[in-house]
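Right, one structure below, let's go through it.
The values are calculated or read from the model by the stated rules, or taken from the named source; none is laboratory data. The structure presented is a predicted model; accordingly, all values stated were derived computationally and were not measured. All Cβ positions, glycine included, derive from the backbone under ideal geometry; neighbour counts span all protein chains shown. Accessible surface is based on the protein model in full, side chains and every heavy atom, while ligands, DNA and RNA are left aside. Shrake-Rupley method; radii C 1.70, N 1.55, O 1.52, S 1.80 Å.
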Amino acid sequence: MMVEKSEYCIAIIGTGFVGLTTGAGLSELGNKVICVDIDEGKISSLSNGYVPIYEEGLFELVERNRKLHRLFFTTDIEEATNSSDIIFICVGTPSKDDGDVDLSQIISAVEGISNSLNSYKIIAIKSTIPVGTLELVEGILDKKNKVKGRDYDLAVVPEFLREGKAVYDFFNPTRIVIGADKDDVSKVLAGIFSPLNAPVVYTTPLTAQLIKYASNAFLASRISFINEIANICDHLGINVKDVIEGMKYDKRIGGHYLSPGIGFGGPCLSKDLNGLIKMAESYGYQPNYLKSIMEKNSHQISYVIDKLDKLLGGFRPGTKIGILGLTFKPDTNDVRNSLSIRIIKEIRERGAGVRAYDPKGMEEAKKYISDIIFCSDLYEAAKDSDALLILTAWDEFKEIDLERIRSTMKNPIIVDGVNILDPAKVKRFGFLYEGIGVR
Ligand SMILES: NC(=O)c1ccc[n+]([C@@H]2O[C@H](COP(=O)([O-])OP(=O)(O)OC[C@H]3O[C@@H](n4cnc5c(N)ncnc54)[C@H](O)[C@@H]3O)[C@@H](O)[C@H]2O)c1
């Protein structure tokens, strides 16, 4: 059993968005942190002061703690496991093609730990994991004769950070959820996060797992809900922003996370919603409401493309579309499951050419699409295009010089999939403009 201390030696397995932010944040709190990844290129970059993820403040945080010798990077899971008191598993849990959760990274991480568990450790899982995962983890450790309670204890500590605000969210968490069967384990984990002064929810591991899935399903539900209302507003000829203004003062509703747009993309919401659906089904329950959130999200993509089609009078051979925004949200370079990329692929299938620009996501996007022109700025993307489609709400796009793009575009058409521009202003510059539920 572990003695409570003010600073620990912590191993972080998986140095992606969650692992790197958590590792850097915990080192800033005074702990010695060793971040492990199987990606040698990533570890070599991080060890040499290059941070492959764009997140405000992350580079400075990593550099400071690396230079203070509190933050280390390695591919050697044995070294990290042996020298740590607590191990946080932060590997990916992506979707399989059928929507089920792919646990292969969890399995390989736990196999690595099980080969080198030399003394008692707390193994805390930050990755989003479905029901049944803990039994799987225990089974792997059991095969190596590692006994729960003697060699290790397990806990589930789900992560709620938002990409684009990851460092801020680490230091200002809305809550810390600790799912553990033993009070001593909960106490140690709560102690680690205590400098952050966040409310702590103590619960069972299974409930902690469901808290994470339910939270993401609820966020997805709000997005699909407000998109539905926005589309109705389009048809009624009223402004969804006025509707939200009148709703938000009701404390039961609130004004957060009510921004109509192209729907939810990114590495988490869809995969976690699918994961929850699969989990419910495997326990004999049909979660039809959750399925309808997902369906609405797919429908929203078609809804936006149809708006473009209508304003263009149909896609023709040679049609050129300028795209602003490739990342799944602003302030990140993450394009995983970005709806912008799905929309670009659909537009390409309809025969149009695409010129695209994103402030931070171009290099990542090149890994997913090649048959488009990547432009050096938003004006290059708009040039000679038949229409401009805005798909990520980067601040930079709010400042667009409408007169300048009006003079270089072939047709003055803007479809604003994220409602970032002022419709009245855009129309004053002579554009045909469509947002989502705005006028
Ligand atoms: N990205 C988010 O915004 C976010 C927010 C909350 C929760 N989560 C959850 O956190 C988890 C991690 O998400 P992420 O976005 O950081 O993933 P990621 O894909 O960015 O990072 C995962 C990292 O784990 C590494 N890895 C895989 N197998 C390994 C192994 N055996 N040993 C060591 N490293 C290994 C990969 O190389 C990769 O660098 C997921 O379960 C996700 O659902 C993510």
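Observations
- Cα-based equivalent ellipsoid, the stretch 189-285: semi-axes from gyration tensor eigenvalues, Å: 31, 20, 11
- Contour minus Cα-Cα distance for K144 and L236 (0.36 nm per residue): 26.7 nm
- Equivalent-ellipsoid semi-axes of the stretch 56-162, from the Cα gyration tensor, Å, largest first: 24, 21, 12
- Rel. contact order, % - alpha carbon contacts under 8 angstrom, at least six apart, the chain: 12
- Length-normalised contact order for the stretch 13-127 - Cα pairs under 8 Å, 6+ apart - percent: 29
- Accessible surface for the chain, divided over its residues, is 44 Å² per residue with a 1.4 Å probe.
- Ranked by the mean number of other Cβ atoms within 10 Å of their residues, highest first, the peptides 304-312, 420-428 come out as 304-312, 420-428.
- 3J(HN,Hα) along the stretch 354-370: 10, 10, 10, 9, 9, x, 10, x, 4, 5, 5, 4, 4, 6, 10, 9, 10 Hz, from the Karplus curve 6.51 cos²θ - 1.76 cosθ + 1.60 with θ = phi - 60°, whole Hz, x for Gly and Pro.
- Residue order for T75, T203 - accessible surface, 1.4 angstrom probe, largest first: T75, T203
- For the residue pairs K248/K278; K360/K410; K144/K291, alpha carbon separations beyond 29 Å are given by K248/K278; K144/K291.
- Under the combined filter of DSSP loop state and at most 11 neighbouring Cβ atoms within 10 Å, the stretch 354-421 retains these trypsin sites (Lys or Arg not before Pro): K367.
- Burial order of peptide ranges 285-292, 181-188 (average beta-carbon count within 10 Å, highest first): 181-188, 285-292
- When the Cα convex hull of the stretch 269-434 is projected onto planes of every orientation, the mean area is 10.2 nm².
- Among 328-340, 100-112, the peptide with the highest mean count of other Cβ atoms within 10 Å heads the list, and the full ranking is 328-340, 100-112.
- Nearest-ten-degree value, helix 339-349 long axis tilted from longest Cα axis of the chain: 50
- The chain - mean residue ellipticity at 222 nm from DSSP helices (-39,500 (n - 2.57) per run, n ≥ 4, rounded to 500): -13000 deg cm²/dmol
- Whole-number D in µm² s⁻¹ for the stretch 9-203, Kirkwood Cα-pair radius fed into Stokes-Einstein, 10 °C, 1.306 mPa s: 95
- Between G265 and L339, the built amide H atoms are under 5 Å apart, and every one of these is 5 or more places off in sequence or on another chain.
- In straight-distance terms, cross-link reach from K241 covers every one of the lysines whose alpha-carbon lies under 26 Å from its own, apart from those fewer than eight places away in the same chain; here that gives K165, K251, K296, K307, K310, K329, K398, K425, K427.
- One Cα centroid belongs to the stretch 293-322, the other to the stretch 1-52; the line between them spans 43 Å.
- Counting every C-alpha pair in the chain, the share spaced more than 43 angstrom apart comes to 19%.
- Separation of the stretch 127-188 from the stretch 364-399 is 40 Å, based on Cα centroids.
- Principal-axis analysis of the Cα atoms of the chain puts helix 205-236 at an angle of about 10° to the longest axis.
- Remark: the D102-T204 segment gains 34.4 nm on full extension, using 0.36 nm per residue and subtracting the alpha carbon distance.
- Largest to smallest in accessible area, the residues L210, L61 fall in the order L210, L61 (1.4 Å probe, all protein chains included).
- For the stretch 113-123, the Karplus equation 6.51 cos²θ - 1.76 cosθ + 1.60, evaluated at θ = phi - 60°, returns couplings of 5, 5, 6, 9, 7, 9, 7, 4, 9, 8, 9 Hz by residue, with Gly and Pro reported as x.
- Between the helical axis of 17-28 and the longest alpha-carbon principal axis of the chain there is an angle of about 60 degrees.
- Fraction of accessible area attributable to carbon and sulfur, the chain (%, probe 1.4 Å): 51
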